[in-house]
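Enquirer: Attaching a single structure in structure tokens format; questions to follow.
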Amino acid sequence: MSDFSGLAAGWKGLAAPQALKLNPAVRVVGWLASAWVLLALFAEPASASAPLQQSFLQPMGPVSEEQSNHLLRVVAITMVVILPVLIGVPLILWRYRYSAPRGEYAPEWEFSKKIEWALWGVPVLVVVILAGWLWYSTEKLDPYDPLGPEPLQVQVIGLDWKWLFIYPEQGIATVDELAIPVGRPVELTLTTDTVMQSLLIAPLTGQIYAMPGMTTKLNFAASRPGTAEGENTQFNGRGFGRQKFTVRALDTADFNRWQAAAAGAPVLDEATYAILRRQSVLAEARGDLGLRGSSGHITLSLGQPDVFETIVAKYHDDAGDPAREQHWGGIGQPAADGAKAGK
């Protein structure tokens, strides 16, 4: 108890006004050191072993970096309007306070051309600048525009409540994990085999929608190694809150090792896909497939190279083939056999 009493007394002495007045230089150095530590914590880039990055304010690629810069530009230009209000209103209240007014009383005053130009001209100028920057960023971040030659092709199928990623050139498919090489452009081709969904990987790229029977594109790249979180932002049922996936940005050597580790994985065929299409989250899908463990992504090898095209084409069977209702899970509502979805 005496130790705690001594510590409290020492702290009280440091906090006393007399002690603080004796060491102003120490206080300044302490404030600067604290500010430096905070800046270092916010500015330090995430490594591959760091927690999942979830915000575009921690950019891992050129697309999210442009989004972050756009937000900072918007904040900076809006300060032109906000700061004069935050600073001017208290100054006006103080200068013209009732107890000791310092301004000139002018009851006949009613118009000032300079004030009118400032009140209308500055907001108009701000809106024009913001509109120009928005147009520029929208054109620059067109999701259909590749960011470089020979992008890594990844086909994405949204399911209830999982994401299936297919690497047609590598002959690999994964569930709820997207691995990409750092420095190489990536092009996602998306669809969904259930209701409309929306894919978002905030630290790497923006949001884009996917619909059954249709495809859309999303181009991005990773500029540094790290781990990010992706998610579906379109509510689609009880398991919606757990429909998240991991994005791993790996250097070339690690990506090659990741690719080689998929050798001998179970085959993604029509029977396997029918199980994945059930309304289940990742842990339940692992159990349904008879895989050991209850967590972690699922790695599969492609049983045929045109799985993605087959899933999209079954919604465009103009021949009226009744067998399409059962082909690759059909086009009806996904089954929930034995699933404990959303629990």
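Enquirer: Considering the convex hull of the alpha carbon atoms of region 47-179, report its projected area averaged over all viewing directions, in nm², one decimal.
Expert: Its average projected convex-hull area is 15.6 nm².
Enquirer: Still on this structure, I have one more. Whose amide H sits under 5 Å from the amide H of Leu250, counting only residues 5 or more places off or on another chain, with H placed in the peptide plane?
Expert: Result for Leu250 returns Ile180, Val182.
Enquirer: What are the ³J(HN,Hα) couplings of region 228-244, residue after residue, when phi is run through the Karplus curve with 6.51, -1.76, 1.60 and θ = phi - 60°? Round to Hz, x for glycine and proline.
Expert: Residue by residue, region 228-244 yields 10, 9, x, 7, 9, 9, 9, 4, 9, x, 5, x, 4, x, 9, 8, 10 Hz.
Enquirer: Could you order the peptides 163-172, 207-216, 264-273 from most to least packed, using the average number of other C-beta atoms within 10 Å per residue? Each step should come with its number before you reach the end.
Expert: On the way: 163-172: 19.5, 207-216: 16.7, 264-273: 15.0.
Taking the mean over residues of other Cβ atoms within 10 Å, the ranking is 163-172, 207-216, 264-273.
Enquirer: Quick one: in region 137-232, what % of C-alpha pairs are over 17 Å apart?
Expert: 48 percent
Enquirer: Which ³J(HN,Hα) values, rounded to whole Hz and listed in residue order, are derived for region 203-215 from phi using the Karplus coefficients 6.51, -1.76 and 1.60 in 6.51 cos²θ - 1.76 cosθ + 1.60 with θ = phi - 60°, glycine and proline given as x?
Expert: Each residue of region 203-215 in turn: x, 10, 7, x, 8, 8, 8, 9, 10, x, x, 10, 10 Hz.
Enquirer: Taking the highest mean first, how do the peptides 67-79, 295-307 order by number of other beta carbon atoms within 10 angstrom per residue?
Expert: 295-307, 67-79
Enquirer: What percent of all Cα-Cα pairs in region 150-193 falls into each 5 Å bin, going from 0 up to the bin containing the maximum distance?
Expert: Taking all Cα pairs of region 150-193, the binned fractions are 6, 22, 33, 25, 11, 3, 1 percent.
Enquirer: Something else about it: Using alpha-carbon pairs under 8 Å, 6+ residues apart, how would you state the relative contact order of region 158-261 in percent?
Expert: 33 percent
Enquirer: Moving on to the next point. Of the peptides 107-113, 156-162, 257-263, 188-194, how do they stack up when ordered by the mean number of other Cβ atoms within 10 Å, highest first?
Expert: So the order, starting with the most tightly packed, is 156-162, 188-194, 257-263, 107-113.
Enquirer: Check which residues have an amide H placed less than 5 Å from Ile172's amide H, if you skip close sequence neighbours.
Expert: Here the answer is Tyr167, Leu302, since their amide H atoms fall under 5 Å of that of Ile172.
Enquirer: Hey, what do the phi angles of region 174-191 turn into as Karplus ³J(HN,Hα) couplings, whole Hz, using 6.51/-1.76/1.60 and θ = phi - 60°, x for Gly and Pro?
Expert: 10, 10, 6, 8, 10, 9, 9, x, 5, x, 10, x, 10, 10, 8, 10, 10, 8
Enquirer: Still on this structure, I have one more. Can you list residues from other chains, or at least 5 along the same chain, whose modelled amide H is less than 5 Å from the amide H of Tyr315?
Expert: Those lying under 5 Å, H to H, from Tyr315: there are none.
A short reminder: the numbers here are calculations on the coordinates, not readings from a lab. Only a predicted model underlies this, so the values are computations on that prediction, with no experimental measurement involved. Here Cβ is always computed from backbone atoms with ideal geometry, including for glycine, and neighbour counts include all displayed protein chains.
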